[in-house]
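The values are calculated or read from the model by the stated rules, or taken from the named source; none is laboratory data. This is a predicted model, so every value here is computed, not measured. Every residue, glycine as well, gets a Cβ built from its backbone with ideal geometry; the counts of neighbours run over all protein chains shown.
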Amino acid sequence: MKVKAIKVFIDLKEDVQRKVGDEFEVTKERFEELKVKLPDYVTEVTEPKTPRKAPVKAKETK
């Protein structure tokens, strides 16, 4: 899953500073851990769902 930093923090597990707006991949378990240890520092990124287009039918040729 993808998360976004909303406050600057040091990610000790990844040994990197997360800046405001940084988006990065984490497991669901890691996201839950971050929410508990650093509340209000990360938020889940929800990607917009794109509607599936119906397949275009080919025209019959005579």
**Request:** Hey, can you tell me all the residues within the stretch 31-62 that are at pLDDT below 95 and of a type in the set (Ser, Thr, Tyr)?
**Result:** THR46, THR50, THR61
**Request:** Look through THR43, THR27 and report the one residue that is free of Cβ contacts under 8 Å to residues at least 40 places away in the same chain and within 17 Å of the chain's Cα centre (by Cα).
**Result:** THR27
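Regarding the stretch 43-55, can at least one residue be identified that is surrounded by 10 or more Cβ atoms within 10 Å (Cβ to Cβ) and out of contact with any Asp or Glu (no Cβ under 9 Å at 6 or more places or on another chain)?
Here is the first cut: in the stretch 43-55, the ones surrounded by 10 or more Cβ atoms within 10 Å (Cβ to Cβ) are 43-45.
Narrowing the set further to residues that are out of contact with any Asp or Glu (no Cβ under 9 Å at 6 or more places or on another chain) leaves 43-44.
There is at least one residue in the stretch 43-55 that is surrounded by 10 or more Cβ atoms within 10 Å (Cβ to Cβ) and out of contact with any Asp or Glu (no Cβ under 9 Å at 6 or more places or on another chain).
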**Asked** Restricting attention to the stretch 31-47, which residues are under 13 Å from PHE9 (Cβ atoms), hydrophobic (A, V, I, L, M, F, W, C) and in a helix (DSSP H, G or I)?
**Response** LEU34
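Taking the criterion of being modelled with pLDDT of 95 or more, in a helix (DSSP H, G or I) and surrounded by 16 or more Cβ atoms within 10 Å (Cβ to Cβ), would at least one residue in the stretch 15-30 satisfy it? Can you show your working first?
Here is the first cut: in the stretch 15-30, the ones modelled with pLDDT of 95 or more are 15-30.
Filter once more, so that each one left must be in a helix (DSSP H, G or I): 28-30.
Cutting the leftovers down to surrounded by 16 or more Cβ atoms within 10 Å (Cβ to Cβ) gives us 30.
For the stretch 15-30, residues modelled with pLDDT of 95 or more, in a helix (DSSP H, G or I) and surrounded by 16 or more Cβ atoms within 10 Å (Cβ to Cβ): present.
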